[in-house]
Amino acid sequence: MIRTMNIPSKLPDTGITIFTQMTRLAQENGAINLSQGFPDFNTDPKLIELVGHHMRIGHNQYAPMQGVPVLRERIAEKIKELYHADCNPETFITITSGATEALFCAISTIVHHHDEIIIFEPAFDSYLPAVRLHGGIPVFVKLQYPDYTIDWDEVRKKISPRTKAIILNSPHNPTGTVIGSQDIIQLQKIIQNHDLLIISDEVYEHIIFDQIPHEGILRYPDLAARSFVISSFGKTYHTTGWKIGYCVAPPPLTDEFRKIHQYVTFASNTPIQYAYAEIMEEKDYYHKLAVFYQHKRDLFQSLLQDSRFTTLPCRGTYFQMMEYSKISTEPDTVFAGRLTTEYGVAAIPPSVFYHTKDDHKVLRFCFAKTDDTLKKAAEILCRI
């Protein structure tokens with residue numbers, strides 16, 4: 001009889017992600033899936049044709065480790081246009097297999113044993129495991145409910161001689177909040193007094209509503225000089241399954257980042273990179289994205305006006321936080337499960353994004369769906 005080997009877990013408290021759990025539950029129960037953050041509509045047929053075109057003309061072998069040069073050039077041009085920053089595509093920009101890989105590589109690059117990393121909660125679930133895998137110590141700062149704003153005085157109190165970096169996320173998943181100009185001022189004051197690095201997760205940079213500007217870190221030279229800025233094509237072009245992202249950082253940080261990246265995925269999908277490079281020449285795709293998703297946010301909110309859910313502010317991303325205390329006092333994990341199995345609509349319970357499992361009786365709904373899907377989901381939610 002062969003004895004199975006047991007190994008000590010590096011992440012003993014980590015299980016299957018909530019996104020996998022809720023999507024599987026939705027599939028098992030035939031529920032409308034407003035949990036995991038992906039569109040239920042397709043990308044532009046032109047982009048699909050471009051991928052096929054580049055496959056047919058032979059772009060099917062390894063891309064350069066740093067990414068296809070023309071795609072990095074298009075990204076540099078966009079950064080110059082939107083943020084007035086000059087980023088040499090050869091030395092600043094690295095293409096990755098999704099933003100999650102970029103986040104993992106950035107964290108791997110900077111975190112040494114016992115380094116402290118400030119993480120704002122609720123936090124996207126890939127940050128904490130990556131910090132812990134590298135021996136880092138997470139230091140949590142909770143966003144202030146219900147507006148999910150940053151208490152910068154608390155941030156200052158949490159900084160110690162061991163603090164290595166701050167992880168930012170704006171527009172913020174799961175809450176839909178965005179960093180404003182006053183937040184940038186506070187961050188600039190902090191780095192004047194502390195030698196900290198920044199990892200800025202900006203994958204929803206083009207999905208900000210009500211004409212609010214995106215306060216991207218690349219706008220600010222003093223912040224950009226110490227930052228890894230990460231974005232994603234999946235959110236912009238409705239192609240989350242293609243898993244192409246990128247990291248922008250000054251050369252000394254990029255050099256170290258690439259040392260990690262080359263042994264994680266080495267290179268990302270070649271024909272898709274070429275296709276994105278071509279579609280980026282049509283700037284309306286990202287210039288009009290906020291209007292496209294603001295229509296869906298406004299529609300979803302209006303459809304739920306007569307429900308017993310309470311709408312929380314949503315200024316960016318394609319996620320809507322809804323408070324349900326008028327309906328149930330159940331924990332959000334329990335209510336999310338029952339909402340899926342009994343009513344047929346799946347959502348995400350945000351308590352899973354806190355290390356202390358804070359429960360505000362709120363669920364996160366994804367509105368990156370067709371109008372018909374949103375109407376069907378809202379009809380169910382209004383009956384509860």
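The values are calculated or read from the model by the stated rules, or taken from the named source; none is laboratory data. Quick caveat, the model's predicted, so the values are computed rather than measured. Cβ coordinates were reconstructed from backbone atoms using ideal geometry, including for glycine residues, and neighbour counts include every protein chain displayed.
Tabulated values for the structure
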item	result
Residue ID - surrounded by the most Cβ atoms within 10 Å (Cβ to Cβ), chosen from residues in the stretch 206-219 that are in a loop (DSSP other than H, G, I, E, B) and touching a residue at least 40 places away in the same chain (Cβ under 8 Å)	207
Filtered residue count, the stretch 235-272, keeping only those that are in contact with a Gly (Cβ under 7 Å, 6 or more places away or on another chain) and part of a helix (DSSP H, G or I)	2
Residue within the stretch 296-309 that is among the small types (Gly, Ala, Ser) and assigned by TED's automatic domain parsing to the domain that holds residue 246 present	no
Residue match in the stretch 278-285 (condition: at pLDDT 95 or above and within 20 Å of the chain's Cα centre (by Cα))	yes
Inter-residue pairs, beta-carbon under 6 Å, first outside the structural domain of residue 171 (by TED's automatic domain parsing) and crowded, with 18+ Cβ neighbours inside 10 Å and in the stretch 321-347, second among the aromatic types (Phe, Trp, Tyr) and not in a strand (DSSP E or B), 6+ apart	322/309; 324/309
Meets criteria (in contact with a Lys or Arg (Cβ under 9 Å, 6 or more places away or on another chain), surrounded by fewer than 24 Cβ atoms within 10 Å (Cβ to Cβ) and not in a loop (DSSP other than H, G, I, E, B)) for residue 185	no
Residue list for the stretch 13-56, filter: closer than 30 Å to residue 336 by Cβ, over 24 Å from the mean Cα position of the chain (by Cα) and free of Cβ contacts under 8 Å to residues at least 12 places away in the same chain	28
Options 166, 184, 230: the member that is of a type outside the set (Ser, Thr, Tyr) and farther than 21 Å from residue 145 by Cα	230
Selection from the stretch 187-208 of residues that are of a type in the set (A, V, I, L, M, F, W, C) and within 17 Å of residue 130 (Cβ to Cβ)	197, 198, 199, 203
Odd one out for residue 365 among (1) more than 27 Å from residue 143 (Cα to Cα); (2) buried (at least 20 other Cβ atoms within 10 Å of the Cβ)	(1)
Filter pass, residue 166 being surrounded by 19 or more Cβ atoms within 10 Å (Cβ to Cβ) and either of a type in the set (Val, Ile, Thr) or under 23 Å from residue 182 (Cα atoms) (or both)	yes
Condition met for residue 191 (aliphatic (A, V, I, L, M), free of Cβ contacts under 8 Å to residues at least 12 places away in the same chain, surrounded by fewer than 20 Cβ atoms within 10 Å (Cβ to Cβ) and in a helix (DSSP H, G or I))	no
Qualifying residue in the stretch 187-202 (condition: under 22 Å from residue 226 (Cβ atoms) and touching a His at 6+ places or on another chain (Cβ under 8 Å))	yes
Test set (1) outside any loop (DSSP other than H, G, I, E, B); (2) surrounded by fewer than 20 Cβ atoms within 10 Å (Cβ to Cβ); (3) more than 19 Å from the chain's Cα centre (by Cα) - residue 292 fails condition number	(3)
Residues of the stretch 149-182 that turn out to be more than 16 Å from the chain's Cα centre (by Cα) and part of a loop (DSSP other than H, G, I, E, B), as a count	7
Of residues in the stretch 9-37 being farther than 16 Å from residue 352 by Cα and touching a Phe, Trp or Tyr at 6+ places or on another chain (Cβ under 9 Å), the one surrounded by the fewest Cβ atoms within 10 Å (Cβ to Cβ)	31
Selection count where residues are part of a helix (DSSP H, G or I) and buried (at least 18 other Cβ atoms within 10 Å of the Cβ), scope the stretch 220-232	2
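Every residue, every condition in (1) out of contact with any helix residue (DSSP H, G or I) (no Cβ under 9 Å at 6 or more places or on another chain); (2) of a type outside the set (S, T, N, Q), yes or no:
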| site | (1), (2) |
| --- | --- |
| 235 | no, yes |
| 240 | no, no |
| 243 | no, yes |
| 246 | no, yes |
| 250 | no, yes |
| 255 | yes, yes |
| 258 | no, yes |
| 261 | no, yes |
| 264 | no, yes |
